[in-house]
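Accompanying notes for the structure given below.
Values in this text are rule-based calculations from the coordinates and carry no lab data. Because the structure is a prediction, the values reported are computed rather than measured. Don't worry about glycine lacking a Cβ; one is built from the backbone with ideal geometry, like all the others, and counts go over all protein chains shown.
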Amino acid sequence: DLKEGALVRRMEGHTHYVWSVCASPDGKILSGCYDKTIKKWDAITGECVGTLKGHSGGVLSVDANSGIICSGSADGTVRIWDATAE
């Protein structure tokens, strides 16, 4: 917590540098990584609940809002993902 500076949760599963992290409106945590994936995490349990694949370069930025996830990559593309899809 912020008051004590204690670690609350640690998520592991990416295979390279994590470049971007954000909280989504549905309470999940999203992480963009140089392993070319975006992972969606349960903020309470720390469990990975999904992985988005499609970039051919590392994911450098990720953000979520209004049912979409936006990602920017070293492959020169921006992708828009349906955040409600399973």
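Pull up all non-local amide H partners of T37: gap of 5 or more, or a different chain, and H-to-H distance under 5 Å with H placed in the peptide plane.
V59
Stretched out fully, how many nm does the piece from D63 to A85 gain, at 0.36 nm a residue minus the Cα gap?
Value of the extension gain: 6.3 nm.
What are the lysines whose alpha-carbon lies under 20 Å from the alpha-carbon of K28, with same-chain residues fewer than 8 places away excluded?
Result set, ordered by chain and number: K36, K39, K40, K53.
Rounded, prolate or oblate for the chain? Axes are the square roots of the Cα gyration tensor eigenvalues, ordered a ≥ b ≥ c, and the cut-off for rounded is a/c under 1.5.
prolate
Spin-label point model (7 Å from Cα, Cβ direction): what's the E47 to D75 distance in nm?
Taking the simple label geometry, E47 and D75 are separated by 2.9 nm.
Each residue of region 6-11 in order: what ³J(HN,Hα) in whole Hz does its phi give by Karplus 6.51 cos²θ - 1.76 cosθ + 1.60, θ = phi - 60°, with x for Gly and Pro?
Couplings: 8, 5, 9, 8, 10, 10 Hz.
In whole Hz and in residue order, list the ³J(HN,Hα) couplings for region 58-73 that follow from phi through the Karplus curve 6.51 cos²θ - 1.76 cosθ + 1.60, θ = phi - 60°; x for Gly and Pro.
Each residue's phi maps through the Karplus curve to give x, 7, 9, 8, 8, 8, 9, 6, 6, x, 10, 10, 10, 9, x, 10 Hz.
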